[in-house]
Each structure stands twice: as C-alpha cells, then as structure tokens.
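Visitor: The structure follows.
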Amino acid sequence: MSEPLVLGIETSCDETGIGIVRGRTLLSNTIASSMDEHARYGGVIPEVAARAHLEALQPSIEAALAEAQVSLSDLDAIAVTSGPGLAGALMVGVGAAKGLAVSLGKPLYAVNHLVGHIAADIVTPDSDPLEYPTIALLVSGGHTSLLHVRDLTTDVELLGETMDDAAGEAFDKVARLLSLPYPGGPEIDRAAADGDPKAIRFPRGLSKAPDLVKHRYDFSFSGLKTAVARWVERCEASGEEVPVADVAASFREAVVDVLVTKALAACADLGVPRLLLGGGVIANKRLRDVAIERAAVAGVTVRIPPLSLCTDNGAMIAALAADLISSGRRPSTLAFGADSTLPV
Ligand code: KG4
Ligand code: ZN
C-alpha cells in the first residue's frame, strides 16, 4: 500500500480531534474543544472532557469525512491515541476506534500522543521532509517534554519532561493568581505586552548546577508558580497594586528562558542542529521568537508546524499511523487499552 488513507482519532485531553490523511497529505483536520466548559474551573476537568468527547466524536468524524470527501469504506486504517493523557478521555477515543475498526474490518493502529506531536511536522503542507536526528520540544497544558528523534517510526527517545506542572498549566495557574481568565496562556501573553520582562527575576526550575547533573533535560514549574504567588501576596499585604504586566512579562520570560535553554542544551550536547517545536504553548510568540533567535546563534534550525497542527489534533495521529504503515508496521491487536502514562 503506497499512500494509505488513514483516519486518526485524538481524545487525550480536551480536544476531540479527527484527522484524515493520505500518506503525508492532509485531507481534513476537525477539532472540537471542550475548553469553554472547563473555563469556570480554571483547568481541565477529566470527567467533563470525557463526556464532551462522547458527544463530539460522531459529528466530528462525519465532518472530517465530508471535508476529505471520502467515506468510511474508503479508509485503509483507523489510528487512535492510546496514551499518554487523561484516562477517561483516552478511553472514549480508544473505544470508538476499536468499534470502527471492527465494524469496518479495517486495521487499527494505537499510537503514542507525544510521538504524534512530532508527526505534526510531516503532515504540514508544503514543508520539506523532516530530517533526522531532531530534538523536539513539546509544550502544552498537559505535557512539557524534550525528545531525541532519530527516526519517527522506530527511534524516539524521551530525554526529559516536567517533574510537576506542564508549562501551559503553569500559565493557567499563574493567570489565576493574577485574576486573569482561563486559558491563561493567551491572557498572560496579552498582559505581558505592556510589562518589563526584567522587572522581577523569577526562578528558572532545575537550572542550578546540582540539578543539571540529574535533571539536565527535565523541567519544573511549581517553584516558579509559588514565587509568583509569594510576590502577589507581598503586594497585597503591603496594600500595593500588583504590577500585573511586569509579573506576567517576568513570568513568561522565566518559562521561555528555561524551555529554550534546555532544548538548545540538548541540541548542543547531542550534536543535533535541528529543533522541532510542538504543543499549544507554541502559540506564545515570545517563545517562538526567543527559540528562533537563540537557535540561530547556536547554529540550530527551528521548525514550527502551523498552530492548528501544534495543538492536539487527529491529523498528526493519522499521519504517524500512515508512516508506520508505510514502514511495514503491523496493526495493533485489540488487546490494547487506554494508558494514561504510556511511555514513548
Ligand atoms: O495543546 P493545547 O491546545 O491543549 C492541551 O494542552 O491539551 O495547549 C493548551 C495550553 C493551555 O495551557 C494554554 O494556556 C496554553 O496552551 N497556551 C499558551 C498560549 N496559548 C495557549 N501558553 C502560553 N502562551 C500562549 N499564547
Ligand atoms: Zn498534546
């Protein structure tokens, strides 16, 4: 089979993503988000996300098929994210994928969500082929991971990840401390526009010399969040107005600095002159700008898929499965389940 037609299902967090690809060609990418339903809680509520997937799956599949102008019987395979992610949310997608595969008599491919984020690059229209090896920095509300990609389908190594909050989660929590609405990333970004990023020197997690021995490629944002909380408390206790713009700009700078520093350290250590960015936090222009600027100085080229492929989506899942099929990988048996901590 040269160019397999694959439908991918992504339900690991709060986006119901259905994507259809033919090989590496993107035919449709339908994303329904339950983010608005989580807004009043200030973060994703797993039970709410799972129910929303149940409601969104059927219409999303129909919309994706219509946009791609294909029917279920045309498909060569079904792909689904089996982990990592929220267990209940994953189960909805895995159940739907198994049902579809069995009823249609089509092969089923269970894929890893993080590796899927890397596959966002290969399905980006008009992009040059992904070169190996590449370092991938994936930052979203659910994960902050650094990976060494030697081959998308056979050789992806997790170098490090967050020890506590994901970067996007830190944006969301700090926004709450500053009385800004959810999701916090765009709000902090807006507030930071008028602030001085050097006004407050917030901590860069796991960046001190002893941490760099064991946690060179790991991240931690809980200390940073606590530092912002203490700053806000001190202002309030002394009756001063919280300098929201300066706090937002200084916080964003701390997150961006540590993400870019560690990603480029991995590039330098491993002699890899390529960096791929992915995940919803890539919407942050300061992160993109600093990464591009500092990478250029280090002789590293940066690839950033369009935001619709950086946030969670089904096209990246379908594209990964299409590459697996083309490389001769056999389908998954029905024995797999949702695995919230699935390793790379
Ligand atoms: O990948 P994504 O859309 O969804 C999941 O994590 O499932 O990422 C959403 C995260 C949220 O935490 C949101 O606050 C963050 O990405 N985000 C941003 C920006 N836009 C969204 N973080 C920083 N700056 C932004 N401009
Ligand atoms: Zn993701």
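Visitor: When only residues in the stretch 308-325 that are among the small types (Gly, Ala, Ser) and out of contact with any Lys or Arg (no Cβ under 9 Å at 6 or more places or on another chain) count, which is surrounded by the most Cβ atoms within 10 Å (Cβ to Cβ)?
Guide: Ala318
Visitor: From the residues in the stretch 205-252 that are touching a residue at least 60 places away in the same chain (Cβ under 8 Å) and among the aliphatic types (A, V, I, L, M), which one is surrounded by the most Cβ atoms within 10 Å (Cβ to Cβ)?
Guide: Ala248
Visitor: Condition first: over 23 Å from Arg234 (Cα atoms), in a helix (DSSP H, G or I) and within 16 Å of ligand 2 (Cβ to nearest atom). Now tell me which residues in the stretch 170-201 satisfy that.
Guide: Scanning the stretch 170-201 gives a single hit, Gly185.
Visitor: Only strands (runs of 3 or more DSSP E) wholly contained in the stretch 90-156 count here; list those with 2 or more residues that are in contact with a Gly (Cβ under 6 Å, 6 or more places away or on another chain), farther than 16 Å from Ala338 by Cα and within 16 Å of ligand 2 (Cβ to nearest atom).
Guide: 134-139
Visitor: To continue, here is another question. Of the residues that sit in the stretch 102-122 and are touching a residue at least 40 places away in the same chain (Cβ under 8 Å) and away from ligand 1 (no atom under 16 Å from the Cβ), which one is nearest to Leu275 (Cα to Cα)?
Guide: The extreme case among them is Ile122.
Visitor: Restricting attention to the stretch 273-307, which residues are buried (at least 20 other Cβ atoms within 10 Å of the Cβ), under 21 Å from Ala193 (Cβ atoms) and within 9 Å of ligand 1 (Cβ to nearest atom)?
Guide: Residues satisfying the conditions are Gly280, Val281, Ile282, Asn284, Leu287.
Visitor: While we're on this one: Please list, ordered by residue number, the helices (runs of 4 or more DSSP H) wholly in the stretch 205-278 having 2 or more residues that are among the hydroxyl-bearing types (Ser, Thr, Tyr) and on the phi < 0 side of the Ramachandran plot.
Guide: So the answer is 222-237, 244-270.
Visitor: Taking the stretch 28-42, which residues are in contact with a Gly (Cβ under 8 Å, 6 or more places away or on another chain) and either more than 16 Å from ligand 2 (Cβ to nearest atom) or at pLDDT below 95 (or both)?
Guide: Answer for the stretch 28-42, where residues must be in contact with a Gly (Cβ under 8 Å, 6 or more places away or on another chain) and either more than 16 Å from ligand 2 (Cβ to nearest atom) or at pLDDT below 95 (or both): Ser28, Thr30.
Visitor: Now, a different point. Take the stretch 1-59 and flag every residue that is of a type in the set (Lys, Arg) and either buried (at least 18 other Cβ atoms within 10 Å of the Cβ) or under 26 Å from Leu180 (Cα atoms) (or both).
Guide: Once the filter is applied, which keeps residues that are of a type in the set (Lys, Arg) and either buried (at least 18 other Cβ atoms within 10 Å of the Cβ) or under 26 Å from Leu180 (Cα atoms) (or both), the stretch 1-59 yields Arg22, Arg24, Arg40.
The values are calculated or read from the model by the stated rules, or taken from the named source; none is laboratory data. Only a predicted model underlies this, so the values are computations on that prediction, with no experimental measurement involved. All Cβ positions, glycine included, derive from the backbone under ideal geometry; neighbour counts span all protein chains shown.
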